[in-house]
Amino acid sequence: MSIKFKYISLFIWCLILSYNGFSQIQGVIVDEQNEPLEYATAALYDVNDGSLVTGVVSDEKGVFKIDAIKKGTYYLEASFLGYEIQKIDSIKVLKKGQSIDLGAIRLVLGTQLNEVVVQAERNTVVNKIDRQVFEASKFKSAQGGSGIDVIRNLPSVSMDSQGEISVRGSTGFVVLLNGKPIQGNASNLMAQLPANAIQKVEVITAPSAKYDPEGKAGIINILTNKGAANGAFGQINIKAGLPSIETYGNDVSHKRHGIDATYNVRTDKWNISLGANYQRNDLGGRREGDVFTIINNTKTQFPSTGERSFDETNYSGRFTVDFTPSASDTYSFGFFAGKRSKARLADIVYFDNHSVTPADSNNRDYTFQYFNHNLRERRGDFVLGSLDWTHLFENTSELSASFLYEYTLLGGPTVNQNLGEPDRSILFQDEFNTNDNPLHGVRFQLDYKFRPFDFGVLETGYQYRDLTHTGDFIYERRTDFDDDFELVPEFSSEVDLERTIHSGYVQLSGKKGKWDYAAGSRLEVMDRKFRLKDKTNTVDETLLYDFVRLYPSASLQYEVNEKTNIKAAYSKRVERNSTFKMNPFAEREHSETLEQGDKNLRPEFIDLVELGVTKELKGGNSIFATGYFRNVKNVVNRVNTVYNDTILNRIYSNVGTAKAIGLEVGAELKPTKNWSNFIGANIYNYSIEGSFDNRVIDNDATIYSVNVNSTWRFWDNASLQFTFNYLSDRNTAQGEDSRFYSPNLTFQKSFMNDRLTATLQWQNIDMGLLDTNEQRITTRRANEFFTTTNYIYEVDMIILNLSYTFKQGKNKSKFIDSEFGKKEF
């Protein structure tokens with residue numbers, strides 16, 4: 001051994017000995033999401049007299065170290081502004097050189113500050129590297145409603161007359177509930193969730209690899225209300241709607257009322273939540289249509305008018321228990337069950353129906369009229385349960401596991417009767433089709449998060465998903481009220497879907513100076529087995545489809561200064577198909593339409609790119625802008641073909657490639673102390689190139705939407721809010737949808753020290769002067785068919801909501817929701 005090496009070794013050994021001559025206490029301070037809290041305080045106290053020994057602040061990684069501690073017994077208090085103080089008792093220093101690692105100390109948001117009370121208004125939106133976070137309480141017009149009423153106000157979100165929600169013009173997006181993946185149709189999911197239970201909504205347009213890659217428009221994460229203080233919280237919300245002002249001649253009056261309640265009790269180790277919800281949300285309306293088909297140079301035209309209304313009823317109950325036996329482990333069990341029914345009534349008179357030969361002449365072959373009674377009901381009874389576990393290691397790494405099982409019984413009949421007009425005792429045709437299709441879904445997920453490098457956090461995980469969806473579709477017909485229904489074999493079928501997905505991901509994220517970054521990839525293995533069998537025993541086939549695919553993602557943000565950030569992101573996505581869209585056997589939608597899927601339907605594969613800038617202004621004002629490009633391969637559209645002279649067949653099919661390039665902008669403006677505004681707009685060019693049924697599809701259009709939310713606060717406990725949602729004309733594969741808009745006015749006042757809140761809403765303001773809540777949908781194919789239908793739904797709806805808090809405290813209710821069944825509802 002060289003003399004130089006000996007001296008170096010001796011020097012290092014002396015340093016170790018001198019270091020071990022002093023005792024040290026260290027740890028990491030993190031928030032509820034286990035993110036490090038920089039500048040948090042760690043204060044050490046002598047347990048004998050409670051005197052402060054010393055205190056330090058944490059670094060950017062949340063790490064703190066307290067050196068030169070004498071022998072003795074101490075306690076430590078970790079704190080950060082706005083968070084509850086966390087106390088660590090019985091810290092015993094028994095000898096010199098002892099090193100004590102307290103591990104991760106988790107702080108939770110507090111309900112109050114000692115001695116000083118700070119009152120400040122939260123911003124409507126907070127922009128982060130990979131998402132926009134919206135404060136649900138800012139949208140007062142949603143209170144008493146559902147989650148749909150919350151998200152329809154967001155800049156990137158629009159909703160049409162059929163209640164279909166789009167994000168940046170795309171209906172394909174995934175919903176998360178408290179960060180947990182939910183596979184389901186967004187409208188159906190959020191219609192079940194009371195708006196009063198929602199605290200925040202996160203819009204993640206270019207998700208990272210740690211999320212499931214499904215959803216071509218990204219992810220909407222719904223965060224339910226939660227707090228941190230021990231104690232109990234209880235709240236009851238009641239909604240009552242006044243009688244309809246405009247009835248549209250509908251046969252029955254429409255009802256809008258509901259009640260939901262939440263009770264949450266929390267101790268140091270237990271967090272128990274109970275919730276129940278009942279909602280009746282009817283919607284009156286009518287439709288005006290005109291259709292013609294051309295077959296063998298004969299044109300058949302059948303204009304129509306009549307009622308088109310909805311009756312919707314939801315019941316649900318939820319139960320969640322969280323158990324935290326130590327600071328390192330958390331266990332959670334969730335149970336959710338409910339019943340749902342949504343009935344669409346279309347009582348339509350088809351008048352002046354005639355056939356003309358040749359198609360371009362005025363020579364009528366015949367003229368007739370009839371009445372069509374069509375009632376389509378969709379029901380869903382479901383039960384699901386979940387079990388979750390999270391373990392936090394002393395080095396702040398985290399291991400979590402989650403299991404979910406769901407059983408859903410979907411179904412509901414469609415009644416379609418063609419009767420005489422005006423003599424409705426005459427029966428031309430009576431059809432009845434139903435579908436009982438139970439669904440079983442299982443999801444298991446394992447995630448591990450740790451910090452192996454100074455420059456970032458590494459996350460990795462595995463997910464298993466299995467879906468079994470079996471269906472028995474029965475189509476019956478009769479032509480006399482005294483006859484029994486007879487099976488129509490060519491329209492009756494058994495359809496079974498089995499889909500298994502294995503996926504794993506790895507992602508690195510971190511912060512260095514002014515840069516925030518995240519990059520990763522997800523590998524997915526999917527197997528799909530689709531069996532079809534008709535009642536004539538002529539069709540019995542099983543179609544297999546599987547793939548192995550990589551989904552990379554990356555995001556980068558640069559802090560120009562304290563007020564300005566720029567960011568860029570890329571994400572590869574997939575949009576999987578529901579069983580309904582793949583079922584090739586036709587279902588009777590109503591008198592003039594059959595609807596069916598495509599058994600060979602392929603998933604859509606999407607590339608998303610975006611570039612954005614956010615800037616904070618004086619006085620709480622802010623602006624943001626994001627440019628984006630979305631490319632969709634195998635784009636799925638609903639397209640029409642002619643079935644016979646009075647019936648069109650709507651088919652879901654892959655029609656080619658769709659591209660969207662757009663700009664999303666938003667601003668939060670507060671001209672005065674009492675007047676605040678949140679304005680969002682999205683404008684994009686949408687094009688479709690491809691073909692269907694040997695016809696070329698090539699169209700594009702510029703589409704835009706605007707959401708305005710303006711609030712005037714009279715006093716601390718009273719406000720008036722005006723909202724306006726506008727969606728412009730849109731192109732489709734075979735036509736266009738007209739503009740659609742809805743203005744709303746909400747007055748809110750609280751009483752009894754804010755325990756009672758009354759909200760009076762005037763929804764869909766029209767007063768006979770506007771075309772509110774009205775949209776025309778048109779499709780065409782040269783020399784084959786033309787359809788145009790104007791849907792007119794209820795306006796000037798007056799609704800009163802009352803919310804009463806009977807146990808003061810913060811709500812920490814976090815409920816599970818359906819992952820599989822609601823996509824098929």
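Restricting Thr300, Thr293, Thr262 to residues that are assigned by TED's automatic domain parsing to the domain that holds Thr593, surrounded by 18 or more Cβ atoms within 10 Å (Cβ to Cβ) and either free of Cβ contacts under 8 Å to residues at least 60 places away in the same chain or within 30 Å of Asp388 (Cα to Cα) (or both) narrows the list to Thr262.
Every residue, every condition in (1) surrounded by fewer than 23 Cβ atoms within 10 Å (Cβ to Cβ); (2) within 9 Å of the chain's Cα centre (by Cα); (3) within 25 Å of Thr313 (Cα to Cα); (4) at pLDDT 75 or above, yes or no:
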| residue | (1), (2), (3), (4) |
| --- | --- |
| Lys180 | yes, no, no, no |
| Asn185 | yes, yes, yes, no |
| Leu189 | no, yes, yes, no |
| Pro194 | no, no, yes, no |
| Ala197 | no, no, yes, no |
| Val203 | no, yes, no, yes |
| Asp212 | no, no, no, yes |
| Gly215 | no, no, no, yes |
| Gly218 | no, no, no, yes |
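Residue selection: Phe786 fails the criterion of being within 29 Å of the chain's Cα centre (by Cα), aromatic (Phe, Trp, Tyr) and either assigned to a strand (DSSP E or B) or at pLDDT 95 or above (or both). When the stretch 293-321 is filtered for residues that are modelled with pLDDT of 90 or more and either under 28 Å from the mean Cα position of the chain (by Cα) or in a loop (DSSP other than H, G, I, E, B) (or both), the ones remaining, listed by number, are Asn296, Asn297, Phe302, Pro303, Arg308, Ser309, Phe310, Asp311, Glu312, Thr313, Val321. Cβ-Cβ distances below 6 Å connect the following pairs, each with a first residue in the stretch 78-101 that is among the charged types (D, E, K, R), a second residue that is part of a loop (DSSP other than H, G, I, E, B), and a separation of six or more residues or different chains: Glu84/Val108; Glu84/Gly110; Glu84/Ala228; Lys96/Gly21; Asp101/Glu394.
Within the stretch 338-390, restricting attention to residues that are hydroxyl-bearing (Ser, Thr, Tyr) and in a strand (DSSP E or B), which residue is farthest from Ser304 (Cα to Cα)?
Residues of the stretch 338-390 hydroxyl-bearing (Ser, Thr, Tyr): 341, 350, 355, 357, 361, 366-367, 370, 386, 390.
Then drop every residue that is not in a strand (DSSP E or B), which leaves 341, 350, 355, 366-367, 370, 386, 390.
Values: Ser341: 27, Tyr350: 4, Ser355: 15, Tyr366: 17, Thr367: 14, Tyr370: 10, Ser386: 49, Thr390: 59 Å.
Once the filter is applied, the top-ranked residue is Thr390.
Taking first residues from the stretch 352-367 that are in contact (Cβ under 8 Å) with a residue 12 or more places away in the chain and partners that are among the hydrophobic types (A, V, I, L, M, F, W, C) and surrounded by 10 or more Cβ atoms within 10 Å (Cβ to Cβ), the Cβ contacts under 6 Å between residues at least 6 apart in sequence or on separate chains come to Asn353/Phe302; Asn353/Phe368; Ala359/Ile294.
Return the residue satisfying two criteria in turn: it lies in the stretch 529-562 and is outside any strand (DSSP E or B) and of a type outside the set (Ser, Thr, Tyr), and of such residues it is nearest to Asn577 (Cα to Cα). If we take residues in the stretch 529-562 being outside any strand (DSSP E or B) and of a type outside the set (Ser, Thr, Tyr), then Val539 is nearest to Asn577 (Cα to Cα).
Is it the case, given these coordinates, that Leu375 is of a type outside the set (S, T, N, Q) and crowded, with 20+ Cβ neighbours inside 10 Å? Judged against the criteria, Leu375 is not a match. Elements of the type strands (runs of 3 or more DSSP E) sitting completely within the stretch 64-108 and holding at least 2 residues that are farther than 16 Å from Thr396 by Cβ, within 45 Å of the chain's Cα centre (by Cα) and modelled with pLDDT of 85 or more: these cover 72-79, 86-93. When Asn753, Asn682 are screened for being assigned to a strand (DSSP E or B) and not aliphatic (A, V, I, L, M), only Asn682 passes.
For the stretch 427-466, a residue qualifies if it is of a type outside the set (D, E, K, R), at pLDDT 90 or above and either under 29 Å from the mean Cα position of the chain (by Cα) or not in a strand (DSSP E or B) (or both), and the qualifying residues are Val442, Phe444, Gln445, Leu446, Tyr448, Leu458, Thr460, Gly461, Tyr462, Gln463, Tyr464.
Determine if the stretch 621-638 includes at least one residue that is over 23 Å from Arg152 (Cα atoms) and either in contact with a His (Cβ under 9 Å, 6 or more places away or on another chain) or not in a strand (DSSP E or B) (or both). No, every residue in the stretch 621-638 fails to be over 23 Å from Arg152 (Cα atoms) and either in contact with a His (Cβ under 9 Å, 6 or more places away or on another chain) or not in a strand (DSSP E or B) (or both).
Restricting the first member to the stretch 321-338 and to residues that are under 26 Å from Asp89 (Cβ atoms), and the second to residues that are assigned to a loop (DSSP other than H, G, I, E, B) and of a type in the set (Val, Ile, Thr), the beta-carbon pairs closer than 6 Å and six or more apart or on different chains are Thr330/Thr324.
The listed residues are Val291, Val321, Val383, Val356, and the only one of them that is touching a Pro at 6+ places or on another chain (Cβ under 9 Å) and either among the hydrophobic types (A, V, I, L, M, F, W, C) or farther than 30 Å from Tyr405 by Cβ (or both) turns out to be Val291.
Test Asn744 against the stated conditions and say whether it is assigned by TED's automatic domain parsing to the domain that holds Leu648, under 30 Å from Thr305 (Cα atoms) and under 29 Å from the mean Cα position of the chain (by Cα). Steps first, answer last, please.
On the way: assigned by TED's automatic domain parsing to the domain that holds Leu648: yes; under 30 Å from Thr305 (Cα atoms): yes; under 29 Å from the mean Cα position of the chain (by Cα): yes.
Spelling it out, Asn744 is indeed assigned by TED's automatic domain parsing to the domain that holds Leu648, under 30 Å from Thr305 (Cα atoms) and under 29 Å from the mean Cα position of the chain (by Cα).
Beta carbons closer than 7 Å, at least 6 apart along the sequence or on distinct chains, pair a first residue in the stretch 685-697 that is assigned to a loop (DSSP other than H, G, I, E, B) with a second that is surrounded by 13 or more Cβ atoms within 10 Å (Cβ to Cβ) for Asp693/Thr641.
Restricting to the stretch 568-603, what's the tally of residues that are part of a strand (DSSP E or B) and either crowded, with 22+ Cβ neighbours inside 10 Å or in contact with a Pro (Cβ under 9 Å, 6 or more places away or on another chain) (or both)?
Within the stretch 568-603, the subset part of a strand (DSSP E or B) is 568-575, 587-590, 593-596.
Now drop any that are not either crowded, with 22+ Cβ neighbours inside 10 Å or in contact with a Pro (Cβ under 9 Å, 6 or more places away or on another chain) (or both), which leaves 569-575, 596.
Number satisfying all stated conditions: 8.
Being over 15 Å from the mean Cα position of the chain (by Cα), at pLDDT 65 or above and under 28 Å from Ala758 (Cα atoms) holds for only one residue in Val118, Val150, Val126, and it is Val126. The set of residues from the stretch 391-405 being assigned to a strand (DSSP E or B) and either closer than 11 Å to Arg443 by Cβ or hydrophobic (A, V, I, L, M, F, W, C) (or both) comprises Leu392, Leu399, Ala401, Ser402, Phe403, Leu404, Tyr405.
Return the residue satisfying two criteria in turn: it lies in the stretch 74-96 and is closer than 17 Å to Val53 by Cβ and among the aromatic types (Phe, Trp, Tyr), and of such residues it is surrounded by the most Cβ atoms within 10 Å (Cβ to Cβ). Steps first, please.
First, pick out the residues of the stretch 74-96 that are closer than 17 Å to Val53 by Cβ: 74-79, 85, 87-94, 96.
Checking the rest, the ones that are also among the aromatic types (Phe, Trp, Tyr) come to 74-75.
Details: Tyr74: 22, Tyr75: 15.
Only one residue fits best here, namely Tyr74.
The set of residues in the stretch 274-288 being small (Gly, Ala, Ser) and under 22 Å from the mean Cα position of the chain (by Cα) consists of Gly275, Ala276.
Pull up the stretch 694-717, narrow it to residues that are under 31 Å from the mean Cα position of the chain (by Cα) and among the aromatic types (Phe, Trp, Tyr), then point me to the one that is surrounded by the fewest Cβ atoms within 10 Å (Cβ to Cβ). Step by step, filter the stretch 694-717, then rank; the result is Trp712.
Any idea which of Thr414, Thr367, Thr396 is out of contact with any Ser or Thr (no Cβ under 6 Å at 6 or more places or on another chain), on the phi > 0 side of the Ramachandran plot and either crowded, with 17+ Cβ neighbours inside 10 Å or assigned by TED's automatic domain parsing to the domain that holds Asn433 (or both)?
Details: Thr414 fails: on the phi > 0 side of the Ramachandran plot; Thr367 fails: on the phi > 0 side of the Ramachandran plot.
Selected residue: Thr396, the only one of Thr414, Thr367, Thr396 that is out of contact with any Ser or Thr (no Cβ under 6 Å at 6 or more places or on another chain), on the phi > 0 side of the Ramachandran plot and either crowded, with 17+ Cβ neighbours inside 10 Å or assigned by TED's automatic domain parsing to the domain that holds Asn433 (or both).
Out of curiosity, is Val636 touching a helix residue (DSSP H, G or I) at 6+ places or on another chain (Cβ under 8 Å) and buried (at least 21 other Cβ atoms within 10 Å of the Cβ)? Yes, satisfied.
The values are calculated or read from the model by the stated rules, or taken from the named source; none is laboratory data. Bear in mind the structure is a predicted one, so any value in this text is a computation, not a measurement. In this analysis, Cβ positions are derived from the backbone assuming ideal geometry, glycine residues included, and neighbour counts consider all displayed protein chains.
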